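**Student:** Just passing along the structure, written as structure tokens.
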Protein chains: 2
Amino acid sequence: MTENNQPGNNLDPWYSHYAERAAGLRASEVRALFAVASRPEVVSLAGGMPFVSALPQDLVINAMDQVMVKQGPTALQYGSGQGVPALREQILEVMALEGIQANADDVVVTTGSQHALELVSKLFLDPGDVVISEGPSYVTAMVIFRSYQADVDHVPMDEHGMIPEALREHITRLKAAGRTIKLLYTIPSFHNPAGVTLSWERRLEILAIAKEHDILVLEDNPYGLLYFDKPAPDAMRSVEEDGVIYLGTFSKTLAPGFRTGWALAPHAIREKLVLANEAAVLSPSSFSQLVISEYLATADWKEQINTFRGVYRERKEAMLSALGEHLPQLEWTNPNGGFYVWVTLPEPLDSKAMLPRAVKELVAYTPGTAFYGDGNGRQNIRLSFCYPTPDQIRLGIRRLATVIDGELDLLETFAGTGKLGAALGTTQFTSPPPNVS
Amino acid sequence: MTENNQPGNNLDPWYSHYAERAAGLRASEVRALFAVASRPEVVSLAGGMPFVSALPQDLVINAMDQVMVKQGPTALQYGSGQGVPALREQILEVMALEGIQANADDVVVTTGSQHALELVSKLFLDPGDVVISEGPSYVTAMVIFRSYQADVDHVPMDEHGMIPEALREHITRLKAAGRTIKLLYTIPSFHNPAGVTLSWERRLEILAIAKEHDILVLEDNPYGLLYFDKPAPDAMRSVEEDGVIYLGTFSKTLAPGFRTGWALAPHAIREKLVLANEAAVLSPSSFSQLVISEYLATADWKEQINTFRGVYRERKEAMLSALGEHLPQLEWTNPNGGFYVWVTLPEPLDSKAMLPRAVKELVAYTPGTAFYGDGNGRQNIRLSFCYPTPDQIRLGIRRLATVIDGELDLLETFAGTGKLGAALGTTQFTSPPPNVS
């Protein structure tokens, strides 16, 4: 029976026809923000768009023209479900920069590394399974896990990344509760949103824990090459071949508009990933792959990554110095790479409740709650320094300081009256946010 | 417990970790064929690759260069999960050629229409659900349906497409068995693989049946604009807005290498499709979308479709005349558009068993069994005329005639001995193939 036949208030006549998993597909908080933050007068510290204008367009135009001249019909045609062989060889060179030795036969090119996340989830997640991830974690990974009816269990982090002892405790508790843990999802380098990096010792320890408990590690590494002072420790995949699916992408080191990323998987899993990729898109874009392959073959791509590093380093420094100047009472992480700073507000400020007031002051950020599946994160905000210029960043932080100072004034005014929570719209934490400082 | 701990013969240490649905992801027969047929000495009548060389490369290069000059940073950036607004408007013009009136707000751009099939299936199919489709049907649609643990129920066709009376019977039987029918998947125009077109009267009748039984219609129309003599009847979506998800693509009218297609969906479903698209790939390729949008705005794209029509018409005629000359004892469809001829072999030839002998004679085709989920199709083969030249097509059909004549000689030799089936490796039909002639 459909909603049509019921005294219903739902306007979708197909309401009763959706699969159970469709209930897990909800709009993320970040998504709603994009609409708000796209107004030109708003300084957005919310999005995660790379600054593609730092890529000389000639490099891209040359690569395109060469591809069309040299192999136009191939670029315009369907390709292999696994990806262009020459590009898969070049991807080995990219991964070698983070210590990974692999065979091109185990690389599967995907429509951004986002689609690799989707394919891995489709292959592995049954309803009721658990994915362990850092808390906080990447929003759209959690959307995918939930869309396959899996639960996300957040393990806390500190300034060295996920805490191994906490991971052990969570596994013990989940197993005692009879839960099936399918994946350990981690962003070890320049974490989104926390901005911290998992130490080498912890990488080894977490791999050992995963192996001991027969849990497949899903290592998501979009930012690894975008370090500021010194490289992150080598990838977890560099020491563990059979227990890790590694995800990489050209979205941050080249451009997201081509939608080209990859998975490096244990051999047997790779075969199934290719089948899943073929079912989903037949083949990733031949055109995008060949343009990237030509770019890697002819341009100084390592120097281009250096250029991006310089751009993002300058922006991070602008953000941290503005935070120090205007908001010294806050705590924040000091990322050595990537796109994000994770800020902890003074209690009892509520990042989600405060957002409309921030937008009114023409600055946008992402509230910490977006990065948890369990209501945590109200005391945190993620600030992105990737896209706005240093001047815009300084302006944005000044505006944010106006908002936060206003909230804190209100806090003082209501201090001791018992009406503070109501005034600020806060709710109680159920567990502490990660100890990032 | 994993396979590791068992006395196993499976080489995949993660064997026991896959989701149940992963069992449905099997390599299709067509996939295995691609490897065989890619040897240059083999004339392949097996694949479905469009003849992209009929597209003047200058048109594509000009569009790319213009995009990079006019809006390079946008082309290189992430975009909206629903797709570029200007392109969605242009897609309305494309669909208007087949009688569709719609709002650009209900169009969702996808990574080829294949990915729209995947997203719709993810949104609607629970394990055990049924998808009704023509028998035979598009291979990789069935792979997707099965990957979401749905069963495919094949309704027979004749030369006017799916038979409405048969559809009614199948629905009655499925409902009596307590099954949930979620989708009616159809390729009404220039069907893959059958080459037939659903008549206008039947389009209306099948829409009425679907409405009566509250079944959502999934209209897949990759070939509609590639007619030879006269257009196909208007799209089913042109008369029914709320009950149809319509899928279109630029893969056949422009080029598949851009991986750009679309879904036109009832409004409430469209919202969920966008969420599913964002979860899967964040956004479809901005670059591909802008290049196509520029091409549609500046090139004579309707004349280009005319050029493709001429190319494919000539190839179809070459194929049918070669079939008439060399294999007059066979039956085949006479498509008025699209890429495929569906051939019925004389009993008891077995298209699957015969394939290795055909490849030995340097001609490849797709056995009919690939297009059924139930073992049917052994008496059929799909011949593609889209990619090979007319000369290659004639050569391929001559080689095919050598193979079939050899099989029929064998048949005569063994006639009356009772050993025929064993000699040819056939199995009995469990139900008749579609009556296409």
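**Student:** Hey, can you tell me all the residues within region A:170-197 that are in a loop (DSSP other than H, G, I, E, B), open to solvent by less than 10 Å² (accessible area, probe 1.4 Å) and within 14 Å of another protein chain (Cβ to nearest Cβ)?
**Tutor:** Within region A:170-197, just A:N192 meets the criteria.
**Student:** Within region A:121-154, can you find the residues that are under 22 Å from A:K175 (Cβ atoms) and among the aliphatic types (A, V, I, L, M)? Explain how you work it out, then say what you get.
**Tutor:** To start, the set of residues in region A:121-154 that are under 22 Å from A:K175 (Cβ atoms) comprises A:121, A:124-135, A:137, A:142, A:145-146, A:148-154.
Selection gives A:L125, A:V130, A:V131, A:I132, A:M142, A:A150, A:V152.
**Student:** Would you pick out the residues in region B:66-81 that are open to solvent by less than 20 Å² (accessible area, probe 1.4 Å) and either more than 7 Å from chain A (Cβ to nearest Cβ) or not small (G, A, S) (or both)?
**Tutor:** B:V67, B:M68, B:L76, B:Q77, B:G81
**Student:** So how many residues does region A:42-65 have that are away from chain B (no Cβ under 11 Å) and polar (S, T, N, Q)?
**Tutor:** 1
**Student:** Output the number of residues of region A:330-364 satisfying the condition of being among the β-branched types (V, I, T) and either out of contact with any helix residue (DSSP H, G or I) (no Cβ under 9 Å at 6 or more places or on another chain) or farther than 30 Å from A:P233 by Cβ (or both).
**Tutor:** 3
**Student:** To continue, here is another question. Considering only region A:198-210, I want to know if a residue exists there that is surrounded by fewer than 17 Cβ atoms within 10 Å (Cβ to Cβ), more than 21 Å from A:V130 (Cα to Cα) and among the aromatic types (F, W, Y).
**Tutor:** So far as region A:198-210 goes, yes, one or more of its residues are surrounded by fewer than 17 Cβ atoms within 10 Å (Cβ to Cβ), more than 21 Å from A:V130 (Cα to Cα) and among the aromatic types (F, W, Y).
**Student:** Any residue at all in region B:94-117 that's over 20 Å from the mean Cα position of the chain (by Cα), assigned to a loop (DSSP other than H, G, I, E, B), without any contact (Cβ under 8 Å) to a residue 24 or more places away in the chain and farther than 12 Å from B:Q289 by Cα?
**Tutor:** yes
**Student:** Determine which single condition A:H267 fails, assuming it passes every other condition in (1) touching a residue at least 24 places away in the same chain (Cβ under 8 Å); (2) open to solvent by 30 Å² or more (accessible area, probe 1.4 Å); (3) more than 10 Å from chain B (Cβ to nearest Cβ).
**Tutor:** Among (1) touching a residue at least 24 places away in the same chain (Cβ under 8 Å); (2) open to solvent by 30 Å² or more (accessible area, probe 1.4 Å); (3) more than 10 Å from chain B (Cβ to nearest Cβ), the lone unmet condition for A:H267 is (3).
**Student:** Look at region B:327-377 and say how many of its residues are touching a residue at least 40 places away in the same chain (Cβ under 8 Å), polar (S, T, N, Q) and in a helix (DSSP H, G or I).
**Tutor:** 1
**Student:** Condition (residue is at pLDDT 95 or above and assigned to a strand (DSSP E or B)) applied to region A:266-287: is it met by at least one residue?
**Tutor:** no
**Student:** Suppose we filter B:D405, B:D374 for residues that are open to solvent by 40 Å² or more (accessible area, probe 1.4 Å) and farther than 30 Å from B:F145 by Cβ; which single one remains?
**Tutor:** B:D405
**Student:** Taking region B:223-240, which residues are open to solvent by less than 40 Å² (accessible area, probe 1.4 Å) and in contact with a Gly (Cβ under 7 Å, 6 or more places away or on another chain)?
**Tutor:** B:Y223, B:L226, B:F228, B:A232, B:A235, B:S238
**Student:** I've got another one for you. So how many residues does region A:198-257 have that are closer than 30 Å to A:V291 by Cα, away from chain B (no Cβ under 14 Å), within 16 Å of the chain's Cα centre (by Cα) and not in a strand (DSSP E or B)?
**Tutor:** Going through region A:198-257 one residue at a time, the tally reaches 5.
**Student:** Away from chain A (no Cβ under 14 Å), more than 23 Å from the chain's Cα centre (by Cα) and without any contact (Cβ under 8 Å) to a residue 60 or more places away in the chain: is that true of B:A166 in this structure?
**Tutor:** Taking the combined requirement at face value, the residue does not satisfy it.
**Student:** Give me the residue from region A:7-47 that is in contact with a strand residue (DSSP E or B) (Cβ under 7 Å, 6 or more places away or on another chain) and in a helix (DSSP H, G or I) and, out of that set, modelled with the highest pLDDT.
**Tutor:** That would be A:H17.
**Student:** Which of the residues that make up region A:249-264 are touching a strand residue (DSSP E or B) at 6+ places or on another chain (Cβ under 6 Å) and either surrounded by fewer than 24 Cβ atoms within 10 Å (Cβ to Cβ) or of a type outside the set (F, W, Y) (or both)?
**Tutor:** Correct list: A:T249, A:G261, A:A263, A:L264.
**Student:** With respect to B:S133, is the statement that it is surrounded by 17 or more Cβ atoms within 10 Å (Cβ to Cβ) and in contact (Cβ under 8 Å) with a residue 60 or more places away in the chain true?
**Tutor:** Criteria not met by B:S133.
The values are calculated or read from the model by the stated rules, or taken from the named source; none is laboratory data. Please read all numbers here as calculations on a predicted model, not as lab measurements. No Cβ is skipped: glycine too gets one built from the backbone with ideal geometry, and neighbour counts run over all protein chains shown. These area figures cover heavy atoms from the full protein model, side chains too; ligands, DNA and RNA do not enter into them. Shrake-Rupley method; radii C 1.70, N 1.55, O 1.52, S 1.80 Å.
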